[in-house]
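Data block below; observations after.
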Amino acid sequence: MQKKILVLNDLHVGSSFGLLPPTFTDLMGNFHSQNAGQKYLWERYIATLNRIQPQKIDVVVLNGDIIDGRQPKEKGGPLTLHRYPDQREACIKVLAEVKKRFPEAQYFWISGTPYHEIEDEVFQVANRVINKPQTVQRTLKLGIGNATVQFHHETAFTSAQTKGGSLEREIINGYLAEAQNGWDTVHCEVRAHCHYFAYVGRKDRLAIVCPAWQLQTDYTTKGSPNKNIPDLGCVVLNVDDSLLEFGCCPVTFTPYLYKHPCSAVINLTEPEEAHDVQIVG
């Protein structure tokens, strides 16, 4: 059996650094225009969906942090939209672009970090986007023939230069869950949360962290502006369980990535030369 799965995560709708539709009016009637960063994100978000659209997408997985929440530690400072209802409405408009392009796909919803969103908020968005009862899960395992793909939002984040260690542990944890607890074999572990794109593979396993749709925030630049630069975009998984016959991982992937914009250089100009003053008298 073969399936294509589009994975979207970390949209952070409501954040000043996250996705916002180009024309959005909140529930109080206030119009919110995109800032420069949100315009950059939106253009690439639409371009990505258009690049993917010619393919037949069988499944869309929303893997957490689709809204930004109330930002209690920052007292709402990083937000464009401060109220949950407004974040939900904006998120529905963002995801309508996905539904419009892939109306026949199955949709699955995973809750993100409790700091940003609670299950009920995701549930309300999901039911409005799909217009029929949906469920929200903390962890999702999808069976595609004899292949199994597991989705979970969080994984260990590393700000170090090497990103593979936490993903290697995900694979080893999978082996241990099977050997020690008799759990099902998972051939691909899909994660989000870190806002960078990384992957580690063995001949029969894959672990991947998918990129995000939020720009670098004040929180991520507090150590260094050059350190935690997000990878922007998403991933399409290609699942083919016939590869198991050869001892291979049944999951490959296609990344759709964009570079994070670099801050502008302010060029200093030479001071105007002093003009000679002629005194007449």
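The values are calculated or read from the model by the stated rules, or taken from the named source; none is laboratory data. Worth saying up front: this structure is predicted, and the values here are computed from it rather than measured. Cβ: placed from backbone, ideal geometry, glycine included. Neighbour counts: every protein chain shown. Surface areas here come from the heavy atoms of the whole protein model, side chains and all, with no ligands, DNA or RNA. Shrake-Rupley method; radii C 1.70, N 1.55, O 1.52, S 1.80 Å.
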Charge sum, other residues only, whose C-beta stays under 9 Å from Asp58's C-beta, Lys/Arg counted +1 and Asp/Glu -1: +2
Inter-label distance, nm, simple model (7 Å from Cα along the C-beta direction), Asn50/Arg138: 4.1
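Determine the per residue accessible area of the chain with all protein chains present and a 1.4 angstrom probe, expressed in square angstrom. Write out the running numbers ahead of the final one.
On the way: 14770 Å² over 281 residues.
Value for the chain: 53 Å² per residue.
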What value does the range 129-206 have for Rg/Rh, both radii from Cα atoms and Rh as Kirkwood defines it? 1.01
For the range 1-149, fraction of C-alpha pairs farther apart than 20 Å, in %: 48
Note down the relative contact order for the chain as a percent, whole number, built from C-alpha pairs under 8 angstrom at least six residues apart. 20
State the volume of the convex hull built on the alpha-carbon positions of the range 22-70, expressed per residue in Å³ and rounded to an integer. 123
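Any chance you could run the full-extension gain for Glu43 through Leu244? It's 0.36 nm times the residue separation minus the Cα-Cα distance, nm to one decimal. Can you show the working numbers first?
Values: separation 201, 0.36 × 201 = 72.36 nm, distance 3.87 nm.
The Glu43-Leu244 span can extend by a further 68.5 nm.
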If you average over every viewing direction, what projected area does the convex hull of the Cα atoms of the chain give, in nm²? 22.0
Counting only protein chains, not ligands or nucleic acids, how are Arg191, Arg83 ordered by accessible area (probe 1.4 Å), most first? Arg83, Arg191
Here P(r) for the range 139-281, Cα-Cα distances in 10 Å bins, as whole percents, is 10, 33, 25, 12, 6, 4, 4, 3, 2, 1, 0
Computed lengthening from Met1 to Ser159, 0.36 nm per intervening residue step minus Cα-Cα distance: 53.1 nm
Counting only DSSP beta bridges with both residues in the chain, what percent are antiparallel, rounded to the nearest 5? 55
Selection from Phe102, His82, Gln34 lying farthest towards where the dipole of the range 1-126 points positive, charges on Cβ: Phe102
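Between Asp58 and Leu257, 0.36 nm times their residue separation minus their Cα-Cα distance comes to what? Mind showing how you got there, number by number?
Numbers: separation 199, 0.36 × 199 = 71.64 nm, distance 2.09 nm.
Additional length available on full extension: 69.6 nm.
Within a Cβ distance under 13 Å of Gln34, other residues only, what is the Lys/Arg minus Asp/Glu net charge? Mind showing how you got there, number by number?
Working: positive: Lys39, Arg44, Lys93; negative: Glu43.
Residues close to Gln34 contribute a combined charge of +2.
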Would you look at the GNM of the chain, springs on alpha carbons closer than 10 Å, and say which of Leu237, Leu79, Leu176 moves the most? Leu176
Taking a point 7 angstrom from the Cα of Lys100 along the C-beta vector, which residues in the range 1-36 have backbone N less than 17 Å away? 19-25, 34
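Summarise the accessible area of the range 1-121 (1.4 Å probe, protein heavy atoms) by the percent that is carbon and sulfur. Each step should come with its number before you reach the end.
Values: 2730 of 5230 Å².
Reported share for carbon and sulfur atoms: 52 percent.
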The chain, Gaussian network, Cα under 10 Å: of Ser242, Ser224, Ser111, the residue fluctuating most is Ser224
Between beta-carbons, use under 12 Å as the cut-off and find the net charge around Val129, counting Lys and Arg +1, Asp and Glu -1. +4
Could you tell me how many degrees, from 0 to 90 and to the nearest 10, lie between the Cα long axis of helix 164-181 and the main elongation axis, the longest principal axis, of the Cα atoms of the chain? 20
